[in-house]
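Written below as structure tokens is the structure these notes are about.
Values in this text are rule-based calculations from the coordinates and carry no lab data. Being a predicted model, the structure only gives us computed values, none of them experimental. Positions of Cβ are generated from backbone atoms using ideal geometry, with glycine treated the same way; all protein chains shown enter the neighbour counts.
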Amino acid sequence: MRTELLARFIYRPPLPETNRATEDARKQCQELADKLDHILPESAEKRLAIRKLEEVLFWSRAAIERHSPPDFKSQISNVKS
């Protein structure tokens, strides 16, 4: 369990290798948000749809950071129990 928790919460500094993927995810979410803003009527459902896009971006960035080199295992091996 400790390894799993460290994998979720360890600090991962931004890496040049992940900048493009992060920016691509952000751009795609922004473009979809702009489209939805224009086609959906003002409503609680529209606000929820936009909020869920924020969640998509959050989890996309987490996936990029958690599963891109350098592997987190090299980082957590330096963390003392």
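Of the residues making up segment 1-21, those that are in a loop (DSSP other than H, G, I, E, B) and in contact (Cβ under 8 Å) with a residue 60 or more places away in the chain are I10, R12. Within the span defined as segment 22-43, every residue fails to be assigned to a helix (DSSP H, G or I), touching a residue at least 24 places away in the same chain (Cβ under 8 Å) and more than 15 Å from I64 (Cβ to Cβ).
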